[in-house]
Amino acid sequence: QVEMVESGGGLVQAGGYLRICCGGFESYFSNYAMGWLRQGRGKEREFVAAIGWSGGRYADSVKGRFTISRDDAKNTVYLQMNSLKSEDTAVYYCAAARTPWREVTGPPDFGSWGQGTQVTVSS
């Protein structure tokens, strides 16, 4: 059962920007921190960003380039991606966090996944 729906992925040139979105059930946005993770071809799924109601945190690889935000009234979480690099190419997934946003480190901290949206950065 799909619990989150991601959208907004696509093809962008290196140095460009893209915003991806994720919508889901109101119960998730009312009760959980939310996050984005990604999986490149042949790679393990990795943490990208997480957001609670008092702040957020980022993987070192995207810090300063990506911004996560949420609109609970719309049951939506966003990921603004700037200064994109070829190594950002991946399927991006959103998920609800099982742990407080300050403590998330990777996929085991998340549940209720979406099916993902492909982001491809051409060099």
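Between the C-alpha center of the stretch 72-123 and that of the stretch 13-37 there is a gap of 6 Å.
With a sphere of radius 11 Å drawn around the Cβ of PHE47, what net charge do the other residues whose Cβ falls strictly inside it have (Lys, Arg +1; Asp, Glu -1)? In short, -1. Only Cα pairs under 8 Å and 6+ residues apart enter the sum, and on that basis the relative contact order of the chain stands at 37 percent. Dividing the C-alpha radius of gyration of the stretch 81-123 by 2.2 N^0.38 Å, with N its residue count, gives 1.38.
Cα extents for the stretch 1-47 along the principal axes, largest to smallest and rounded to whole angstrom: 36, 23, 20. Helix-only arithmetic for the chain: the sum of -39500 (n - 2.57) across DSSP H runs with n ≥ 4, divided by the residue total, places the mean residue ellipticity at 222 nm at -1000 deg cm²/dmol. One quarter of the surface of the convex hull around the alpha-carbon atoms of the stretch 5-123 equals 6.5 nm², the direction-averaged projected area. When the chymotrypsin sites (Phe, Trp or Tyr not before Pro) in the stretch 28-123 are filtered for DSSP coil states and for at most 11 other beta-carbon atoms within 10 Å of their beta-carbon, the remaining sites are TRP53. Taking 25 Å as the straight-line reach from the Cα of LYS43, the lysines in range (excluding those fewer than 8 positions away in the same chain) are LYS63, LYS85. Couplings 3J(HN,Hα) of the stretch 42-53, computed from phi: x, 10, 7, 5, 9, 5, 10, 7, 9, 9, x, 9 Hz, in residue order, whole Hz [Karplus 6.51 cos²θ - 1.76 cosθ + 1.60, θ = phi - 60°; x for Gly and Pro]. Cα to Cα, under 19 Å, and not fewer than 8 places away if on the same chain: which aspartates and glutamates meet these conditions relative to LYS74? Leaving aside aspartates and glutamates fewer than 8 places away in the same chain, those within reach of LYS74 are GLU3, GLU6, GLU26.
Throughout, read-outs are computed from the coordinates displayed, never taken from laboratory work. The structure displayed is predicted, hence computed values, not measured ones. So basically every Cβ, Gly included, is an ideal-geometry build from the backbone, and we count neighbours across all protein chains shown.
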